[in-house]
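Novice: Submitted below is the structure of interest, expressed as structure tokens.
The values are calculated or read from the model by the stated rules, or taken from the named source; none is laboratory data. What you are looking at is a predicted structure, and each value in this text was computed from that prediction instead of being measured. Note: ideal-geometry Cβ built from the backbone for every residue, glycine included; neighbour counts use all protein chains shown. Note: accessible area is taken over every heavy atom of the protein model, side chains too, but ligands, DNA and RNA are not part of it. Shrake-Rupley method; radii C 1.70, N 1.55, O 1.52, S 1.80 Å.
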Amino acid sequence: MVRVNRLVALAILLAAVPLWQMTSEFPGPASDFPKVVISAIAILAVVLLVRSFFPARIGRNEGEGSHDPRAFLRPLAAFATTLTAVLFMPIVGFFPAMAAMSAVLFLVLDADNRRFYTIAILLLLVMIYMVFVFALGVPLLDATLFD
Amino acid sequence: MDATPFIYILDVFTIPNVLAIVAGVIAGLCIGALPGLTANLGVALILPVTFSMDVTAAMLMLTSLYTAAIYGGAFPAILLHTPGTSASAATAIDGFVLTQKGKFNKALRVATFSSVIGGIMSAIALLFVAPPLSLISLMFGPSEYFMLAVFGITVIGTLSSGNVTKGLLAGLLGLFLSTIGADIDSGYFRYDFGTFALQSGINFVPAVIGLFSMSQALLMCEEARKSIQQVRLKGKDEWRFLPTMKELRELRGTLARSSIIGIFIGILPGAGGDIGSWVSYNEAKRFSKTPEKFGKGSIEGICASETANNAVTGSSLIPLLTLGIPGSATAAILLGALIIHGLLPGRTLFTDNAHITYTVIFGFLFANIFMGIVGMAIGRHMSHITRLPNYILIPMIIALSTVGAFSLGNDMFNVYTMFFFGLLGYLMRKSGFPPAPLILGLILGPIAETGFRQSLILADGPVVLYILSSPISLILFAATLLSVISAVWMEYRRS
């Protein structure tokens, strides 16, 4: 976590420089508040950076979930799957994209009960249709692939 | 006699309002009963459903869901030794011991009765404390509003994380994100990076859904096959709807004490149900005639934890409705919901919009009673819901988050925003940055900036001196300083 804190602090400080420069383009008082906030962020990032050199002074409760770097793989794979489905959603439509995403997630999540999973996803999609499309009138995306 | 309160009570029982309460309670019970799913996640997911609803019904649904989710956490805590929410962690200690002894019905009815009493007491506190407290908001000018926003973000930042620096950084990041988009005075587009969609700023709703729901789904992916093993409920424990007179006599002191503790902790900005339940549990043990029973199936222990965590729910709305400072992370999302529905915290909620506010408060009271009835009816069977494996819950959360973000203006950019904040929230939570201060910063950012800029114009000299020239600002500044110093001191002691 010490290394993560150091990296985060450095990333914040690096990002603060161009953001500060951008505020100089803002007209008059529009730059005042962002400047105050960026300054405060930079000061706290320096504190985080300095403290990362004193590991004994770092508080507990540092992060949720597993600390094993391999634990990132499945969430990132799930995120990539979901993002891909969302990007294709305007082309293939909401429900086909969600169905395809669920099918890939079955593999990504290493699920073991295919029948239970399929029934749950079908019920979910029906519920979304009933609540959002039928009751709330949300026009979920239709496929434009063949238009 | 003034008949107005009766009109508000009657308004609770209109069909849309009752349906909203029923839906909120059932959704809250299910979400609370699922370990890993929190009240924050529930409110964030349901928020888009309320857009097309009447504001009273919408707030009733959200507040009912909040209180029911906190109570719902008691089911897996008692039946499976796995708290559904962090606020029920103390309940698991004695609740599961009773289940092992075959007295799960006793544990469930004590938890239910205590949650209902805690919820009702907090609703009563909300009813009587909030209106006079809202008068303070009339004394607020630009500098006070600026300091209030700083105080709110600081308190949530220091309390919601074990690391003060990270909590404050998260709050400041929220404040910075709130500056994206058109400037309030000049109309100049700040940090839009040439993107048209960013010119109207970052929408709060997809950010909330991403930070609380999507990030939770990603965290759950780490243990995708995890599900809780069912504990065989054995024994012939008699089912009763209400506690026996003997149990009530044993619990009356704890009920009163824990209600007061929960209400007090709920009013403190940033201190949620988990702090309330632990403080109350420790106090109940200290005052108990049989402290040796704690940890071995004490009903006083269950009562203390459950009364306090539900007493927090209503009282956390007191600073929210009166000053716009949420008492918990869930209340921070409710603040956003209020603003989306066109209501601003402060005195006007109790004058111009009194009809809505009081109907919601009375409805919240009714929701707590209804929650108890439903809870006792289905409590024993909730163990089936709690055993849903993560790989079923993950696609559900992702799909509902996606459709929820899209339904806000039927705009795909909101979905992309939700995904951005989902990944950001996941990385923040992995590296110990709490998401709640970020959301509060995003919500309070415009209030803070307006107050700051008006103070700059009004100040005849250094703006800091102008801001601190007001007694209220000075008190808020002292409270801000105190919260930071105490949090740093506690962190130093821990390390």
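Novice: Just give me the residues in segment A:6-28 being part of a helix (DSSP H, G or I), open to solvent by 70 Å² or more (accessible area, probe 1.4 Å) and either closer than 14 Å to B:Arg190 by Cβ or facing chain B (nearest Cβ under 7 Å) (or both), in sequence order.
Specialist: Answer for segment A:6-28, where residues must be part of a helix (DSSP H, G or I), open to solvent by 70 Å² or more (accessible area, probe 1.4 Å) and either closer than 14 Å to B:Arg190 by Cβ or facing chain B (nearest Cβ under 7 Å) (or both): A:Trp20, A:Gln21.
For (1) outside any helix (DSSP H, G or I); (2) of a type in the set (Gly, Ala, Ser); (3) away from chain A (no Cβ under 12 Å); (4) open to solvent by less than 30 Å² (accessible area, probe 1.4 Å), each residue gets a yes or a no:
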residue	(1), (2), (3), (4)
B:Leu177	no, no, no, yes
B:Gly210	no, yes, no, yes
B:Ser215	no, yes, no, yes
B:Leu218	no, no, no, yes
B:Ala224	yes, yes, no, yes
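Novice: Of everything in segment A:108-123, what is part of a helix (DSSP H, G or I) and open to solvent by less than 40 Å² (accessible area, probe 1.4 Å)? Give them in sequence order. Before you say what the answer is, go through the steps one by one.
Specialist: Taking segment A:108-123 first, the residues part of a helix (DSSP H, G or I) are A:108, A:114-123.
A:Val108, A:Tyr117, A:Ala120, A:Ile121, listed by residue number.
Novice: Now, a different point. What tally of residues in segment B:254-313 results from selecting those that are among the hydrophobic types (A, V, I, L, M, F, W, C), more than 15 Å from B:Ala125 (Cβ to Cβ) and assigned to a helix (DSSP H, G or I)?
Specialist: Number satisfying all stated conditions: 9.
Matching residues to (1) modelled with pLDDT under 90; (2) under 19 Å from B:Ser215 (Cα atoms); (3) surrounded by fewer than 24 Cβ atoms within 10 Å (Cβ to Cβ):
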{"residue": "B:Leu37", "(1), (2), (3)": "yes, yes, no"}
{"residue": "B:Leu47", "(1), (2), (3)": "yes, yes, no"}
{"residue": "B:Ser52", "(1), (2), (3)": "yes, no, yes"}
{"residue": "B:Leu65", "(1), (2), (3)": "no, no, no"}
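Novice: Scan A:Val50, A:Val46, A:Val126, A:Val92 and give me the residue that is out of contact with any His (no Cβ under 7 Å at 6 or more places or on another chain) and surrounded by 16 or more Cβ atoms within 10 Å (Cβ to Cβ). It would help to see each step written out before you state the result.
Specialist: Numbers: A:Val50 fails: surrounded by 16 or more Cβ atoms within 10 Å (Cβ to Cβ); A:Val46 fails: surrounded by 16 or more Cβ atoms within 10 Å (Cβ to Cβ); A:Val126 fails: surrounded by 16 or more Cβ atoms within 10 Å (Cβ to Cβ).
When all the criteria are applied, what remains is A:Val92.
Novice: Here is a further query. Please pick out the residue among B:Leu423, B:Leu456 that is in contact (Cβ under 8 Å) with a residue 24 or more places away in the chain and at the interface with chain A (Cβ under 9 Å from one of its Cβ atoms). Before you say what the answer is, go through the steps one by one.
Specialist: On the way: B:Leu456 fails: in contact (Cβ under 8 Å) with a residue 24 or more places away in the chain.
Criteria check complete, one pass: B:Leu423.
Novice: Would you mind stating whether B:Gly152 is at pLDDT below 90, closer than 27 Å to B:Ala487 by Cα and surrounded by fewer than 24 Cβ atoms within 10 Å (Cβ to Cβ)? Steps first, answer last, please.
Specialist: Values: at pLDDT below 90: yes; closer than 27 Å to B:Ala487 by Cα: yes; surrounded by fewer than 24 Cβ atoms within 10 Å (Cβ to Cβ): no.
It is false that B:Gly152 is at pLDDT below 90, closer than 27 Å to B:Ala487 by Cα and surrounded by fewer than 24 Cβ atoms within 10 Å (Cβ to Cβ).
Novice: So if I check each of B:Thr330, B:Thr359, which one is hydroxyl-bearing (Ser, Thr, Tyr), surrounded by 20 or more Cβ atoms within 10 Å (Cβ to Cβ) and either at pLDDT 85 or above or over 21 Å from B:Phe51 (Cβ atoms) (or both)? Let's see the steps before the verdict.
Specialist: Details: B:Thr330 fails: either at pLDDT 85 or above or over 21 Å from B:Phe51 (Cβ atoms) (or both).
Selected residue: B:Thr359, the only one of B:Thr330, B:Thr359 that is hydroxyl-bearing (Ser, Thr, Tyr), surrounded by 20 or more Cβ atoms within 10 Å (Cβ to Cβ) and either at pLDDT 85 or above or over 21 Å from B:Phe51 (Cβ atoms) (or both).
Novice: Residue by residue through segment B:85-101, note down the ones that are among the small types (Gly, Ala, Ser) and open to solvent by 10 Å² or more (accessible area, probe 1.4 Å). Outline the logic, then answer.
Specialist: Looking only at segment B:85-101, we keep the residues that are among the small types (Gly, Ala, Ser), and these are B:86-90, B:92, B:95.
Answer for segment B:85-101, where residues must be among the small types (Gly, Ala, Ser) and open to solvent by 10 Å² or more (accessible area, probe 1.4 Å): B:Ser86, B:Ala89.
Novice: Now, a different point. Would you pick out the residues in segment B:468-489 that are under 24 Å from the mean Cα position of the chain (by Cα) and either of a type in the set (Gly, Ala, Ser) or open to solvent by 100 Å² or more (accessible area, probe 1.4 Å) (or both)?
Specialist: Initially, segment B:468-489 is screened for residues under 24 Å from the mean Cα position of the chain (by Cα), giving B:476, B:479-480, B:482-484, B:486-487.
Within segment B:468-489, B:Ala479, B:Leu482, B:Ser483, B:Ser486, B:Ala487 meet the criteria.
Novice: So for segment B:377-390 (the condition being within 11 Å of chain A (Cβ to nearest Cβ) and either part of a helix (DSSP H, G or I) or open to solvent by less than 30 Å² (accessible area, probe 1.4 Å) (or both)), does at least one residue qualify?
Specialist: Within segment B:377-390, one or more residues are within 11 Å of chain A (Cβ to nearest Cβ) and either part of a helix (DSSP H, G or I) or open to solvent by less than 30 Å² (accessible area, probe 1.4 Å) (or both).
Novice: Now a separate question. Looking for whichever is more than 28 Å from A:Pro90 (Cα to Cα) and in contact (Cβ under 8 Å) with a residue 60 or more places away in the chain here; the options are B:Pro435, B:Pro462. Which one fits?
Specialist: Working: B:Pro462 fails: in contact (Cβ under 8 Å) with a residue 60 or more places away in the chain.
Matching residue, one of B:Pro435, B:Pro462: B:Pro435.
Novice: Quick check on segment B:268-303: of everything there that is within 29 Å of B:Leu148 (Cα to Cα) and surrounded by 24 or more Cβ atoms within 10 Å (Cβ to Cβ), which residue is farthest from the chain's Cα centre (by Cα)?
Specialist: Narrowing segment B:268-303 to residues within 29 Å of B:Leu148 (Cα to Cα): B:268-280.
Filter once more, so that each one left must be surrounded by 24 or more Cβ atoms within 10 Å (Cβ to Cβ): B:269-270, B:272-273, B:276-277, B:280.
Numbers: B:Pro269: 11, B:Gly270: 9, B:Gly272: 7, B:Gly273: 8, B:Gly276: 13, B:Ser277: 14, B:Ser280: 18 Å.
Here the residue is B:Ser280.
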